[in-house]
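Reviewing the structure listed below.
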Amino acid sequence: MDVHLEVTLLCGILAICIFMLIIRSLSVDTTFANGLPWADLRDEVFKTTRASLRQLISCTQVLQEAYTKFSKKGQPFVVSDFSFQPQILLPQDYIKWLTTQSDTVLSVWPVRSKRRALGAMMSTVDHKTTIAFMDKIVGRFLTRNLDKVQADVSEEMGASVDCAMGMDEKNWHEVNLMQTFKDIGDRTGVRALFGLTLCRDQHFLRVLTHFKTLMGIGILLSGQLPPIIRPIVGLLLILPFRICKARVKKVLTPIVKQRMHEVACEQDDATMRNESQDFLTQSVRVIMKDKEIAHQSAEYVADQFLVLTFDIWKCANIPFSDGIDPQSFATLASTSLVASNLFLDIISSGPSLDAYERLRSEAASVFKSEGDWADPTALKKLVLTDSAIRESIRRSSIQTRGLLRAVVSPDGVTLPNGTHVPQGTWLGVPVQAVHMDGDLYDKPYEYNPFRFAVMRSESNVPSHEKVDATDISDTFLGWSYGRYACPGRWFAVQNLKLMVAYLTLNYEIQPIAERPESIVFGDANVPSMSACIKVRRRRRAQG
């Protein structure tokens, strides 16, 4: 009887949710569009509801078609969203206008708040302050100190790759691509951020993985599900999330306390140079000098670091941009996403390109001794590798739309074509469609690993057209664009270059005839999680 009652109540709740979902869609105020065309809005019953629901799995196709039909003609268009937050997506030539508007006119913060829903996951943190602080210390310390952590990162890269790929030089064996690169990314990331001890601590790696996975799921679902369903999902996730958070803090808080004590005892910033250059130490130095938070406890700082680290790893492991899209921020798992895309692109690029062998030859010419792995100038010589990374981010973008801004000016804003949109409207850009624009890139649907290396050497390329993997432009949005571009992109590329170099020098990977299809979920466009590759250790030269 009790079971029957519970099932009845559950069915009743679901029925109410569905009913409210329909009512919500019927009450959507479409006047904000001011005559702009809608993408994939068909003449059907509950048309806005159905258009929004289709975005969950067909976003890529819808945006590509709308980009060709409207954006290529300089026409903004409206697109529904599974979260029932309609957005106006702008043509590519509006990007500079969009990203140069004052924060009092267009702001990323309302988008971050609703799309990422961090408040529901970590209510004890002032996320705007934390994220702003992250931007400052990533730009000021992590990026400037990459040279100091390169030796540690390269050492951990080798150890983690060997552990994940094995040492068998005779037999081919199969590994899951996503899981393998997740394991590698976790260890190298923890080494750079927290140091040697924690990166080898299996308990810490395990609880941190659980934490960031639940955090990522919570943000993804909270940001893309319809508002009426979000509280239900939040209730289901909040208990396991809090348990994982407590476990991570139990390990992290004593480490933070120790670093705070050490930094407080320093005579100057160089005292610990030979002891610790990890990101935690650098960040604690900033915290201890900040009058507003220097008095806070280690537990409070650790709490901030859970959001901070999550966001930094998203930068370092490639992106969800402007603080929310997969461009400027990504979860710790995003290293596995980008690295998986990169190697899938390389090994499926076709025998005529000989991509893997050319990348191996380049690495062999650069890394001739152990000391080269710690030399920052060595990474600058990896021109082909740099190009392969940038091209993979372009060709295999892990987001469909980005650069989202909310109109916050009470007077609204007038678009470059004269269309006026009111306060509360969201504006953005169809990122993936821009990257697939044939007027911007020759044969855009093909992965050409050396596209940007060739551009770099061509005399007819404008001097202002930068093509390094870390460079941003209004035609390459892999790191976002403008003042909110990902500040951790140099760290990300450093890791990816070391990964490509070590793998190609030490392992063989069997090429594949056809690249597995990516998985689309709303804004996210991620590589197949079941994709596997066959690898074996490269035979060492005798004698």
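The values are calculated or read from the model by the stated rules, or taken from the named source; none is laboratory data. A quick note: this is a predicted structure, and the numbers were derived from the prediction, not measured. Virtual Cβ from ideal backbone geometry, glycine too; neighbours counted across all protein chains shown. Just the protein is used for accessible areas: all its heavy atoms, side chains included, with ligands, DNA and RNA removed. Shrake-Rupley method; radii C 1.70, N 1.55, O 1.52, S 1.80 Å.
Per residue, the solvent-accessible area of the stretch 144-185 (1.4 Å probe, heavy atoms of protein chains only, all protein chains present) comes to 45 Å². So, R0 is 41 Å and r is the distance between the beta-carbons of residue 380 and residue 239; what FRET efficiency does that work out to, to 0.05? So the FRET efficiency works out to roughly 0.30. Reducing the stretch 40-108 and the stretch 141-214 to their Cα centroids gives an inter-centroid distance of 38 Å.
Name the residues of the stretch 506-537 whose amide N is less than 13 Å from a point 7 angstrom out from the Cα of residue 179 along the C-beta direction? So the set is 529-533. When Rg and the Kirkwood radius Rh are both evaluated on Cα atoms of the stretch 146-219, their ratio Rg/Rh stands at 1.02.
How much area per residue is accessible in the stretch 465-543 when the probe is 1.4 Å and only protein heavy atoms are counted (Å²)? Mind showing how you got there, number by number?
Details: 3280 Å² over 79 residues.
Dividing the accessible area of the stretch 465-543 by its residue count gives 42 Å².
Taking 0.36 nm per residue of sequence separation and removing the Cα-Cα distance, the residue 50/residue 538 pair yields an extension gain of 170.5 nm. Taking amide H atoms as placed 1.01 Å from N in the peptide plane, the amide H of residue 521 lies under 5 Å from those of 526, each 5 or more residues away in sequence or on another chain. Fraction of C-alpha pairs exceeding 17 angstrom in the stretch 440-543: 72 percent, rounded to a whole number.
Across the stretch 52-113, the mean sequence separation of Cα contacts (distance under 8 Å, 6 or more residues apart), normalised by length, yields a relative contact order of 27 percent. For a paramagnetic label modelled on residue 162 (point 7 Å from Cα along Cα→Cβ), amide N atoms under 18 Å away belong, within the stretch 500-536, to 500-508, 536.
Full extension of the chain between residue 513 and residue 97 gives 145.5 nm of extra length, using 0.36 nm per residue less the Cα-Cα distance.
Return the FRET efficiency for the residue pair residue 261, residue 206: r is the Cβ-Cβ distance, R0 is 35 Å, and the value is rounded to the nearest 0.05. Mind dumping the intermediate values first?
Numbers: r = 27 Å, r/R0 = 0.77.
For residue 261 and residue 206, the calculated efficiency is 0.80.
Here r is the Cβ-Cβ distance between residue 475 and residue 353 and R0 is 25 Å; the resulting FRET efficiency, rounded to 0.05, is 0.65. Partners of residue 368 within straight-line reach, counting lysines whose Cα lies under 29 Å from its Cα and excluding those fewer than 8 residues away in the same chain: 148, 170, 182, 380, 381, 466, 497, 534. Run a plain Debye calculation on the stretch 333-444 (Cα atoms as equal point scatterers, no solvent) and give log10 I(q)/I(0) at q = 0.20, 0.23 Å⁻¹, rounded to two decimals, same order as the q list. So the normalised log intensities are -1.13, -1.28.
Where does each of 440-451, 78-89 land if you order them by average Cβ count within 10 Å, highest first? Display every interim value, and only then the final one.
Working: 440-451: 16.7, 78-89: 22.2.
Most protected by this proxy first, the peptides run 78-89, 440-451.
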